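What follows draws every value from the coordinates through simple rules; no lab data is involved. Since the structure is predicted, the reported quantities are computational estimates derived from the model, not experimental observations. Positions of Cβ are generated from backbone atoms using ideal geometry, with glycine treated the same way; all protein chains shown enter the neighbour counts.
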Amino acid sequence: MLTLPKKELITFLIFAVVVLSMPVWLIPFGASYPGLLQTFAIFGLFAVGFNILFGLTGYLSFGHAAFLGVGSYTAVWSFKLFTMNPIPAIIFAIIISGVFALLIGFISLRRSGIYFSILTLAFAQMSYNLAYSVLTPVTNGETGLALTMQDPRIIDLAFSERGEALPQVALFGLNMAGYGGFYFAAIILILGYFVAQKIAISPFGMMLKGIKSNQNRMGYTGLNTKPYTLAAFVISGMYAGLAGGLLAVTDPLAGAERMQWTASGEIVLMVVLGGIGTIFGPVLGAWIIKYFANIFSAINENILHNMFSFLPASVQDFLVPLLALFVGEGWELTMGLMFVLVVVFLPGGLMEGYRRIAVRISAMSSKETKSVDKPAQTDKQAGGE
Amino acid sequence: MSDQKKGVSRRKVIKTGAAGIIGAGVAPMVFTRGAWAQEFRNNPTGSEVTFGLNVPQTGAYADEGADELRAYELAVKHINGEGDGGMLNTMQPLSLQGNGINGKKLAYVTGDTQTKSDAARDSARRMIERDGAIMITGGSSSGVAVAVQSLCQEMGIIFMAGLTHSNDTTGKDKRRYGFRHFFNTHMSGAALAPVLSAEYGNERKAYHLTADYNWGWSQEGSLIDSTEALGWETTAAVRTPLGAGDFSQYITPVLNSGADVLILNHYGRDMVNSLTQAVQFGLRDRQQNGKNFEIVVPLFSRLMAQGAGENIKGILGSTNWNWSLQDAGSQAFVKSFGAEYGFPPSQAAHTCYVQALLYADACQRAGTFYPPEVIRALEGFKFDGMGNGPTEYRAEDHQCFKDVLVVRGNQNPTSEFDLLEVIQEVPRAQVEYDAAIFGGELGPYEVS
């Protein structure tokens, strides 16, 4: 049950080491601080889950942010009503978002292709509007759901007195706001990655891949594909809910904007950028997009001037305004350019680029320069990465 | 699932691997964090101290954000003793000496709030956790201000709010670590009511169009309270989505509602669009109930007036500050801002500039950056010479109390910036209220 084939196990171990050592290797990138590390872990998990639906099953959902939002709201309510411990919060988040995904999936999966995408988009937008205005008593509307001093917190308050300040989310004393929250999210990401690997190599995963390659043919063999697609939808919705719950664990505030269609689109971009169908690709895509959104957007002209202070003033005055277009408020421009380049030249995402390089290197080391390019062969391994 | 592979099991590898990683990677970090915690977060130990400027650089309030950033850059220069000193020449009392704060040179880092709570909190966390910002300031939305303020309370970092007008910021959602210089919707209502009564009489029927978020609700509530106290009736209060663009479907029902005043609780581009469309529908040329139909925009800014052009002429509203004020503080600020950038500052720029100076001055007065001491230095602080006359930071809710300006869209502007005519400076006493009416708790001085 808890074993993996050797190749998968190695990938898994490398992944675990990469994730847990992020506070160290992200230092040179200026990204090693708890806030962003937590974001990396959480959105990595979101992307892993999204890939189970999009990458494995081939159903493109444009409404996954709705589950992220549901998970966040559920977790905050768990803090408000019961306890500041993150474990019940994320369990509730998984359950409620799973139920929610079951409802939406049941209806949306009556169609496939573009119609499915539009249906999920419509449901997500409905959820957003509900959270924004109609369900204000539950979601606190635009302001967002936050902790207050008057929260019942029945479990916590049965054991301790109400403090003077707002309580903080803590796992048996370990504060979830700083590095503690990162390691908590990182361990859940690693577990989620493991589960995704297991799904990909399981008979169930093979079935999903079959549905992706040709759903009609699966139907002709007498197989009812509906339960499989619905299961994939619910699982990926639960991943999203878990990610949303973790967002609330590291920062107990849930707002409706988390459910907006832009957030649903962002997760699609992450998966496409990193590599559809691979397991690590979506995580990489999530990290790159969040890195751009948080680090590139903060570079201003002053920082650029400092970076290029070794150049003569005239070159600097030419270069800095030019580069300034692509950083700071122009970070989305850089992101867009990069996205276009990846989609045009590496349709399989950054993971395809990695595989091409790997093929080249192995070809060079074995000095068989004739058979350098064989991307067609490597593509088949995409699902098992 | 069935094939049990030989060799090491996953569990065993994880156990040994994780122990090694935690030992090597995590432990040093835990120890260093512990060492800092004995002091306070981001205690500046070097020769520099850093402000975190969190302003909207993209989205609906990007214009305000750009102007806020200009004001902050100017404030940093003045605090470091560069430039002409601006309001440092007029502020009373003043502890700053023009050599930075507590002998440390002032630096800054910037972030983009995108006018979204999540993005704003992410960028605030980056500036606090990575860049070591001692204080976070800025913003142009009440939703963002409330969200960032509560984050700052948790982190033990002082937040000096930028442009935020909702009552909640220093009411229901006030925090010990959050301070607001800008006025609020309650003050707008209290300042506008007598002027509305004098201009339009006491028998009016008002129709509200309200931006559907925290600030809009707050302003709608305050305006309904103060106008109904005059004897006005409220025909309807309709919520419009933020950033709607087309308001025609909301304006048509106004024509048949029997109302004779339209109150637009919109800001930024929303207000520019809704006002322009209301004028295009001929509302201002109408007669209703035997009176001229009127439009009121309770929160005005010069940047919005520029966007609305001709349509703004003659319309009443309130504002925190306007560059045409003649007192020494305003003049000094307008002069140095104009010399630097070539045009006058907006009210957003003014409030941000003042906030940066007030924080810096409080640190200098307290002789430390230790937040509880700085908070005590700001609470109840009375000052003058910063553009709004004698002002007090009320200790009970961290709200500044000062005169409020009632303005009218200028009929005969003398320049492209001369768009608002100040018709009354409503004295502080008239807009003051009891801190208890909005509820909320400030919370503790010390944060673990």
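A Förster distance of 25 Å, applied to the separation of the beta-carbon atoms of A:Thr136 and A:Leu174, puts the FRET efficiency at 0.15. Shape class for chain A, computed from the alpha carbon gyration tensor (a ≥ b ≥ c): oblate, with a/c not under 1.5 and a/b at or below b/c. According to the Cα-based calculation, Rg over Rh for chain B is 1.06, with Rh computed by the Kirkwood formula.
In straight-distance terms, cross-link reach from B:Lys116 covers every one of the aspartates and glutamates whose alpha-carbon lies under 14 Å from its own, apart from those fewer than eight places away in the same chain; here that gives A:Glu142, A:Glu257. Simple spin-label estimate for A:Ser366 and B:Gln411 gives 8.9 nm between the two label positions (7 Å along the Cα-to-Cβ direction from each Cα).
Among A:Val272, A:Val234, A:Val18, the largest mean-square fluctuation in a Gaussian network model of chain A, built with springs joining Cα atoms closer than 10 Å, belongs to A:Val18. Ranking B:Ser142, B:Pro93, B:Gly111 by Cα position along the charge dipole of the stretch B:38-197, where only Lys, Arg, Asp and Glu carry charges on their C-beta atoms, puts B:Pro93 farthest toward the positive end. As an equivalent ellipsoid, the stretch B:36-97 spans semi-axes of 24, 22, 10 angstrom, where each value is the square root of five times an eigenvalue of the C-alpha gyration tensor, largest first. Sort the stretch B:245-311 into rounded, prolate or oblate with this rule: let a ≥ b ≥ c be the square roots of the eigenvalues of the Cα gyration tensor; rounded if a/c is under 1.5, and if a/c is not under 1.5, prolate when a/b is larger than b/c, oblate otherwise. Taking the square roots of the gyration eigenvalues as a ≥ b ≥ c, the stretch B:245-311 is prolate. Our summary gives chain B a relative contact order of 18 percent, counting only alpha carbon pairs under 8 angstrom and 6 or more residues apart.
Per-residue mean of foreign Cβ neighbours for A:157-169 is 2 (Cβ atoms of other chains, 10 Å radius). Take each residue of peptide A:31-37, count the partner chain Cβ atoms within 10 Å of its Cβ, and average: the result is 5. For chain B, the longest principal axis of the alpha carbon atoms and the long axis of helix B:268-280 meet at an angle near 20°.
Note on the stretch B:186-319: along the principal axes its Cα atoms extend 33, 30, 25 Å, ordered by decreasing extent.
For the options A:Ser213, A:Ser61, A:Ser314, a Gaussian network treatment of chain A with springs between C-alpha atoms closer than 10 Å singles out A:Ser314 as fluctuating the most. Neighbouring Cβ atoms from other chains, within 10 Å of the Cβ of residues in A:141-149, number 6 on average. Projecting the Cα atoms of A:Phe123, B:Val55, B:Pro194 onto the dipole axis of the protein assembly as shown, where Lys and Arg carry +1 and Asp and Glu carry -1 at the beta carbon, places A:Phe123 farthest toward the positive end. Beta bridges assigned by DSSP with both partners in the stretch B:186-319 are antiparallel in approximately 10 percent of cases. Distance between the C-alpha centres of the stretch A:97-118 and the stretch A:122-191: 27 Å, rounded to the whole angstrom. Nearest 0.05, what FRET efficiency do B:Glu421 and B:Gln97 give at R0 = 41 Å with Cβ-Cβ as r? With R0 = 41 Å, the Cβ-Cβ based efficiency is 0.60. Estimated purely from DSSP H runs of n ≥ 4, each contributing -39500 (n - 2.57), the mean residue ellipticity at 222 nm for the protein assembly as shown is -16000 deg cm²/dmol once divided by its residues.
For the stretch B:186-319, the relative contact order is 26 percent, taking Cα pairs closer than 8 Å that sit 6 or more residues apart in sequence and dividing their mean separation by the residue count. Using Stokes-Einstein with the Kirkwood hydrodynamic radius over Cα pairs, what translational diffusion coefficient do you get for the stretch B:297-448 at 10 °C and a viscosity of 1.306 mPa s, in µm²/s rounded to a whole number? The diffusion coefficient I find is 93 µm²/s. Rg and Dmax of the protein assembly as shown, based on Cα coordinates, read 28.6, 95 Å. Dipole magnitude for the stretch A:6-294: about 1100 debye, using +1 per Lys or Arg Cβ and -1 per Asp or Glu Cβ, origin at the Cα centre.
Across the cross-link table entries A:Lys80/B:Lys174; A:Lys80/B:Lys172; A:Lys290/B:Lys104, which are compared at the Cα atoms, the separations over 22 Å belong to A:Lys290/B:Lys104. By DSSP, what percent of the beta bridges with both residues in the protein assembly as shown are antiparallel, rounded to the nearest 5? The answer is about 40 percent antiparallel. Using only side-chain charges placed at the Cβ, +1 for Lys and Arg and -1 for Asp and Glu, the dipole size of the stretch B:186-319 relative to its Cα centre rounds to 240 debye. Take chain A, connect every pair of alpha-carbon atoms lying under 10 Å apart with a spring to form a Gaussian network, then pick out the residue of A:Phe326, A:Phe182, A:Phe46 with the largest mean-square fluctuation. Result for chain A, Cα springs under 10 Å: A:Phe326 fluctuates most. When each full DSSP H helix of chain A is screened for a Cα extent of at least 18 Å along its own axis and an average Kyte-Doolittle hydropathy of at least 1.6, the helices passing are A:6-20, A:86-108, A:179-201, A:331-345. Classify the stretch A:1-76 as rounded, prolate or oblate, taking a ≥ b ≥ c as the square roots of the eigenvalues of its Cα gyration tensor: rounded when a/c is under 1.5, otherwise prolate if a/b is larger than b/c and oblate if not. It comes out oblate by the Cα gyration axes.
Can you say what percent of the DSSP beta bridges in chain B, counting only those with both residues inside, are antiparallel? Round to 5. Close to 35 percent.
Per residue, the average separation of C-alpha pairs within less than 8 Å and at least 6 apart gives the stretch A:6-294 a relative contact order of 39 percent.
Alpha-carbon geometry of the stretch B:112-233: the Rg and the Dmax are 17.2, 58 Å, given in that order. Sorting the segments A:275-285, B:213-223, B:138-148, A:158-168 by their mean number of nearby beta carbons within 10 angstrom, highest to lowest, gives B:138-148, A:275-285, B:213-223, A:158-168.
Distance between the C-alpha centers of the stretch B:182-243 and the stretch A:311-332? Whole Å please. If you average the Cα positions of each part, the centres end up 46 Å apart. Assuming charge only on the beta carbon of Lys and Arg (+1) and of Asp and Glu (-1), the dipole of the protein assembly as shown about its Cα centre is about 4360 debye to the nearest 20.
Each listed q (0.13, 0.14, 0.23, 0.24 Å⁻¹) maps to a log10 I(q)/I(0) for the stretch B:271-379, found by the Debye formula over equal Cα scatterers with no solvent: -0.68, -0.74, -1.17, -1.21.
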